[in-house]
Amino acid sequence: MTALRRAYLKRGYRKVGGWLFPYSARFIDGLLDLQLEADVRGAVGEIGVHHGKLFILLALGRRPDEAAFAIDVFGDQHLNADDSGAGDRGIFLANTRRWLAAETGRLDVLQRSSLEVRPEDILERSGPVRMASIDGGHTEECVINDLMLVQSVLAPKGVAILDDHFNEFWPEVSSGVARYLLDPSARLRPFAITPNKTYFAAAEDVGFYRRSLRSRNDYYYEKSARLLDSELDIFGTQPWTFSMKKRAIEWIKATPAGPYARALRRRLAR
Ligand SMILES: C[S@@+](CC[C@H](N)C(=O)[O-])C[C@H]1O[C@@H](n2cnc3c(N)ncnc32)[C@H](O)[C@@H]1O
């Protein structure tokens, strides 16, 4: 992880307007590292960036030659069919300038409804995508469209992250996912859930992500479950579990026994 990404995770992202639970931010950060280690290559990006809270974290996880794409209706809020958070291009660009000025990768901003975006619009600008967040319109139409769009631009071992899948305020997100998963042309399958985020990959890559993420996030693993025909893992969704475990770990680390506990944990993990 770069020093800038560490600083953004520690204090930066809390100051950027938007919606991102702390544990999900950490989990996505680990997913970015996992892709770097596994040599998964491609652009990163988001549909529905608002002020850039998650987008900046994704862009800070790029290699220098990888692009980041941002799609939002921004000021064209008449295209935001269900008022799912109003994007603001000026604030978004100011936040990206603040955090991404030192980054050399391309930044491709499309002010458009995702319903009007074709796969070529992303592929021609940014290339195949290794990590895409879907958090634009929360209607069934948008969710199905955005999952299909991301499916057609994903690089090998690429991941899609969907927001609000189980949020009772946005029921169309879950019906959109169900319709997508039941569509014979759907190639993505869910493999993990963290607070307010569901993670998808091509069926052949699900095993890789489940194995790798279980071992990296063992403290926060809660249970496995089925979603339609897919088996997936749930991490950090119970706030008390996450915060109590985190506090207990920090407390042990700070005691004189901390280094021994860490060495023991490393040995057991091997
Ligand atoms: C919930 S906010 C996104 C929050 C953001 N991902 C974050 O990290 O905080 C939803 C965003 O989607 C945008 N939006 C709504 N409908 C859209 C559409 N059809 N196409 C693209 N963007 C859309 C809104 O303008 C808003 O900025």
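The values are calculated or read from the model by the stated rules, or taken from the named source; none is laboratory data. Only a predicted model underlies this, so the values are computations on that prediction, with no experimental measurement involved. We place every Cβ from the backbone using ideal geometry, glycine too, and count neighbours over all the protein chains shown.
Things worth noting here:
- Of the strands (runs of 3 or more DSSP E) entirely within the stretch 163-260, those holding at least 2 residues that are surrounded by fewer than 15 Cβ atoms within 10 Å (Cβ to Cβ) and without any contact (Cβ under 8 Å) to a residue 40 or more places away in the chain occupy 221-227.
- Search result, residues across the stretch 110-142 that are part of a helix (DSSP H, G or I) and not charged (D, E, K, R): 114, 115, 119, 122, 123, 126, 142
- The listed residues are 163, 146, 135, 121, and the only one of them that is away from the ligand (no atom under 12 Å from the Cβ) and either touching a strand residue (DSSP E or B) at 6+ places or on another chain (Cβ under 6 Å) or at pLDDT 95 or above (or both) turns out to be 121.
- Among the residues examined, residue 155 qualifies as in contact with a Pro (Cβ under 8 Å, 6 or more places away or on another chain), on the phi < 0 side of the Ramachandran plot and among the small types (Gly, Ala, Ser).
- Out of 226, 211, 247, sole residue that is at pLDDT 80 or above and over 22 Å from residue 180 (Cβ atoms): 211
- Scoring residue 78 on the criteria (1) within 15 Å of the chain's Cα centre (by Cα); (2) within 15 Å of the ligand (Cβ to nearest atom) leaves a single failure, condition (1).
- Test: residue in the stretch 53-65 that is in contact (Cβ under 8 Å) with a residue 24 or more places away in the chain, outside any helix (DSSP H, G or I), within 18 Å of the chain's Cα centre (by Cα) and within 6 Å of the ligand (Cβ to nearest atom): no
- Residue that is nearest to residue 216 (Cα to Cα), among those in the stretch 1-47 that are away from the ligand (no atom under 15 Å from the Cβ), without any contact (Cβ under 8 Å) to a residue 40 or more places away in the chain and assigned to a helix (DSSP H, G or I): 33
- The residue list 169, 208 contains one member that is within 27 Å of residue 48 (Cα to Cα) and among the aromatic types (Phe, Trp, Tyr), which is 169.
- Here residue 126 meets each of (1) among the small types (Gly, Ala, Ser); (2) within 13 Å of residue 48 (Cβ to Cβ); (3) modelled with pLDDT of 90 or more with one exception, condition (2).
- Among the residues of the stretch 113-123, not one is surrounded by fewer than 15 Cβ atoms within 10 Å (Cβ to Cβ) and touching a residue at least 40 places away in the same chain (Cβ under 8 Å).
- Out of 133, 114, sole residue that is of a type in the set (Ser, Thr, Tyr) and closer than 22 Å to residue 203 by Cβ: 133
- Residue match in the stretch 101-109 (condition: more than 15 Å from the chain's Cα centre (by Cα), assigned to a loop (DSSP other than H, G, I, E, B), crowded, with 19+ Cβ neighbours inside 10 Å and on the phi < 0 side of the Ramachandran plot): no
- Test for residue 50: is it of a type outside the set (Lys, Arg), in a loop (DSSP other than H, G, I, E, B) and either at pLDDT below 95 or within 10 Å of the ligand (Cβ to nearest atom) (or both): yes
- In this structure, residue 140 does satisfy being in contact with a helix residue (DSSP H, G or I) (Cβ under 6 Å, 6 or more places away or on another chain), among the charged types (D, E, K, R) and within 15 Å of the ligand (Cβ to nearest atom).
- When residue 54 is tested against (1) closer than 17 Å to residue 138 by Cβ; (2) surrounded by fewer than 22 Cβ atoms within 10 Å (Cβ to Cβ), only condition (2) is not met.
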